[in-house]
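Down below is the structure, laid out as C-alpha cells.
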Amino acid sequence: MTETIPVPGGSVATRIALLSGPAQAQARAAATCTPGLAADPWSFDTVPGYGPGASLADPVPAGTPRQGELPAEYREAGAAELDERILRAKAALGSRVVILGHFYQRDEVVRHADFVGDSFQLARAARSRPEAEAIVFCGVHFMAETADLLSGPDQAVVLPNLAAGCSMADMADADSVAECWEQLTMLYGRAPESGGKQPVIPVTYMNSSAALKAFCGENGGIVCTSSNAASVLEWAFERGQRVLFFPDQHLGRNTAKAMGIPLEAMPLWNPRLPLGGNTPERLLQAKVLLWNGFCSVHKRFTVGQIEQARADHPGVRVIVHPECPMPVVDAADESGSTDYIQKATAAAPAGSTFAIGTEINMVNRLAAQHPEHTIFCLDPVICPCSTMYRIHPGYLAWVLEGLMSGEVRNRIAVPDAAAAAARTALERMLAVRP
C-alpha cells in the first residue's frame, strides 16, 4: 500500500477548509493541488484567470467575464446563515424559480438544486419548468447559455458567479474555428461528395460557446455531450464524409476509436498552424479532425494512477470519463459520462470497489451516497474544477435574494444574432438519443 497523509472527511470544501490552518501545511501541500483553494472565490474574482484548481495554469482569453464584488453581508456570513437565507428565498420564490446544479458543483450548492445532472440532463431540465420566471444555473457559462437557448423567451437565466467559465470551452473561439473551416472548404470544396454527403460536418461538444453552437447550426452541424457523443457521430457520418470535432480532442478521439475509426484517420488540428499542422494528403484521408483542446481536470488522470489503484485494491473497477487521454481510457475497465458513472455505481453489488476518474466533488459525493461500496478518486490530490468551484453559497444567496426583490442579477442572454442557429444545433442534439 502507498503511504498517504490523512485527509479529513466531509464535503470537498470542508476537507479543504480543514487543511487550511498552519498546522496542516504539510498535509495541504500533499493533499490539494492549489493552496488558494482554501480561500473564498470572491478573493480572486476580480483577477484575470480561472482561479485555483485544475485550470489554474490555463491561459485566459481577453474579455473573459469577471464577477463584480459580492456585498459584504454575503462575504461575511457563515455557512449556516447562508444556508438559511437560501432556503428562505427558495420558499418565498416557490415555482417562480428553478435551480439547476451540475454534478461537479460543491455539496453546499448541490443540496439546494431542484435538478442535479450532467450537461445533457440539465439541457433537458432547462425546458421542463416553463412556469419558472428564472432559471438559476449552478454550473458554468456555456451551460447557462444553453439554458437560455432552450428556455422560454420570458424566462431569465442566472449564473451566480460570472467568472465561472470553462477553460476547455475557451480553447476554441469563433474566429479560429471560422479560419479552420475556410481552410477545410478550400481543400475539400463545398459540393456534396459520393452518396450526396457533405465534405465535412462540424460537431461541437456542449462545452463550447453559443457562438460555436451557432456555427454548427449554420453549417449543417450539431452539438454533442459525453452522454450521446457516439450517437451524434453516427448522425454526422450519415450526412458527411468527415467530422470536424471541437473543442475536446480526447472525447472525440476516444469516441471515434470505439466506433472503429483508426487513429491515423484522426489528425489533430492546431489552430495556430496552417492546415492545423497537417499536410493536405493527411487531411484528405481524415475521418475525424480533432481540435487541440482538453479538460484540465481529466488531463490529470494517468495510467500510473490506475496501476497504483489496482495494486492497492485488487479487483477494483476503474471507470473514467471519456475526456481523459486515450491511454487512460484504454487502461480503465470502462469509460462513460458522469451519468454513466452515477448509474454504474448505483447498480453495483454491495461491497464493490471503484476507482473513478472524474471531478473530485462528484466522486466524493458518490462515496457518501454509497457507503456500501469503497469509492475513491484516481487522483489522490484534491483538485476540483476551478470554474465550477467559483459557485459558492454566498453567490447563490445573493442572486436568489435579488429575485425576491425583483432584481435579476447576472443574467445570461445569448445575442439574437446567434440564438436561432445555436438553437438549431441544440435541437438536433436533443433529437439524437444516446
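Counting charges near residue 82 (Lys, Arg +1; Asp, Glu -1) among other residues having Cβ under 15 Å from its Cβ returns a value of -3.
Here the Karplus relation 6.51 cos²θ - 1.76 cosθ + 1.60, evaluated at θ = phi - 60°, turns the backbone of the range 376-387 into coupling constants of 8, 7, 4, 7, x, 9, 6, 8, x, 4, 4, 7 Hz, with x for every Gly and Pro.
Between the amide H of residue 357 and those of 319, 320, 321, 378, distances stay under 5 Å, these residues lying 5 or more places away or on another chain, with hydrogens modeled in the peptide plane. Considering the dipole of the range 375-434 built from charges on the beta carbon (Lys and Arg +1, Asp and Glu -1) around the Cα centre, which of 425, 408, 383 is farthest to its positive end? Value: 425. The packing ranking of peptides 125-137, 181-193, 85-97, 354-366, highest mean first, is 354-366, 125-137, 85-97, 181-193, where packing means the average number of other beta carbon atoms within 10 angstrom of each residue. Sequence-ordered 3J(HN,Hα) estimates for the range 419-430 from the Karplus curve with 6.51, -1.76 and 1.60 and θ = phi - 60° stand at 4, 5, 5, 5, 5, 4, 5, 5, 5, 4, 5, 5 Hz, glycine and proline given as x.
Treating only the Cβ of Lys, Arg, Asp and Glu as charged (+1, +1, -1, -1), what charge dipole size does the chain show about its Cα centre? Round to the nearest 20 debye. Present the calculation step by step, with values, prior to reporting the outcome.
On the way: 35 positive and 45 negative charges, 111 e Å.
Its charge dipole is roughly 540 debye.
Element breakdown for the chain at a 1.4 angstrom probe: carbon and sulfur atoms account for 53% of the accessible area. Calculated mean residue ellipticity, 222 nm, the chain: -11000 deg cm²/dmol, from DSSP H runs (n ≥ 4) at -39500 (n - 2.57) each, averaged per residue and rounded to 500.
Database remark: amide H of residue 243 closer than 5 angstrom to the amide H of 201, 288, 289 (H placed geometrically; neighbours at sequence offset of 5 or more, or on other chains; Pro and chain starts carry no H).
Mind pulling the per residue volume of the convex hull built on the Cα atoms of the chain? Å³ is fine. Provide the component values of the computation, followed by the final result.
Working: hull volume 63.1 nm³, N = 434.
Expressed per residue, the convex hull around the Cα atoms of the chain is 145 Å³.
Could you please report the charge total around residue 233, scoring K, R as +1 and D, E as -1 over all other residues with beta-carbon less than 12 angstrom from its beta-carbon? Summing Lys and Arg as +1 and Asp and Glu as -1 gives +3.
Segment residue 69..residue 81, full-extension length gain: 2.4 nm, with 0.36 nm per residue of separation and the alpha-carbon distance subtracted. With bins 10 Å wide beginning at 0, the percent of Cα pairs of the range 332-394 falling in each bin runs 20, 52, 23, 4. Test of understanding: in a Gaussian network model of the chain with alpha carbons linked when under 10 Å, which of 302, 14, 279 would top the mean-square fluctuation ranking? Checking each option, the largest mean-square fluctuation is seen for 279.
Once you have the alpha carbon radius of gyration of the range 386-434, what is it after dividing by 2.2 N^0.38 Å, with N set to its residue count? Don't skip to the answer; put the middle values down first.
Details: Rg = 16.0 Å, N = 49, 2.2 N^0.38 = 9.7 Å.
Ratio of Cα Rg to 2.2 N^0.38 Å: 1.65.
A simple charge model with +1 on the Cβ of Lys and Arg, -1 on the Cβ of Asp and Glu and nothing else charged puts the dipole of the range 79-119 at about 200 debye relative to its Cα centre. Rounded to the nearest 0.05, what FRET efficiency do residue 218 and residue 303 give with R0 = 51 Å and r taken as the Cβ-Cβ distance? Could you check? That gives a FRET efficiency of 0.80. Kirkwood analysis of the Cα pair distances in the range 152-307 returns a hydrodynamic radius of 16.4 Å. Distance between the modelled labels on residue 193 and residue 181, one decimal in nanometres: 1.9 nm (7 Å Cα→Cβ projection).
Need one number: the % of Cα-Cα pairs in the range 79-150 sitting beyond the 22 Å mark.
Working: 477 of 2556 pairs.
The proportion of pairs with Cα distances above 22 Å equals 19 percent.
State to the nearest 20 debye the size of the charge dipole of the range 105-193 about its Cα centre, where the only charges are +1 on K and R beta carbons and -1 on D and E beta carbons.
On the way: 6 positive and 15 negative charges, 62 e Å.
For this selection, approximately 300 debye.
Remark: the range 406-413, residue by residue, has Karplus-estimated 3J(HN,Hα) of x, 10, 8, 9, 6, 6, 10, 9 Hz, where x stands for each Gly or Pro and the curve is 6.51 cos²θ - 1.76 cosθ + 1.60 at θ = phi - 60°.
Please list 413-425, 146-158 highest first by mean number of surrounding beta-carbon atoms within 10 Å per residue. Kindly include the intermediate steps, with their values, before the conclusion.
Details: 413-425: 17.6, 146-158: 20.3.
Highest mean packing first, the order is 146-158, 413-425.
Counting only cysteine Cβ atoms and a cutoff under 4.7 Å, the chain contains unmatched residues 138, 166, 180, 216, 224, 295, 324, 377, 385.
Could you work out how much longer the chain between residue 350 and residue 174 gets when fully extended? Use 0.36 nm per residue separation minus the Cα distance between them, nm to one decimal. Walk me through the numbers before you get to the answer.
Working: separation 176, 0.36 × 176 = 63.36 nm, distance 4.78 nm.
Gain on stretching residue 350 to residue 174: 58.6 nm.
Counting charges near residue 203 (Lys, Arg +1; Asp, Glu -1) among other residues having Cβ under 14 Å from its Cβ returns a value of +2. Our note on the geometry: Cα centres of the range 412-434 and the range 222-286, 21 Å apart. Between the residues 174, 161, 132, the greatest Cα displacement towards the positive end of the dipole of the range 123-178, with unit charges on the Cβ of Lys, Arg, Asp and Glu, is found for 132.
The values are calculated or read from the model by the stated rules, or taken from the named source; none is laboratory data. Bear in mind that the values here come from a model prediction, so they are computed numbers and not experimental data. Ideal geometry is used to build each Cβ from the backbone, glycine not excepted, and the neighbour counts take in all protein chains shown. These accessible areas exclude ligands, DNA and RNA; they are computed on the full protein's heavy atoms, side chains included. Shrake-Rupley method; radii C 1.70, N 1.55, O 1.52, S 1.80 Å.
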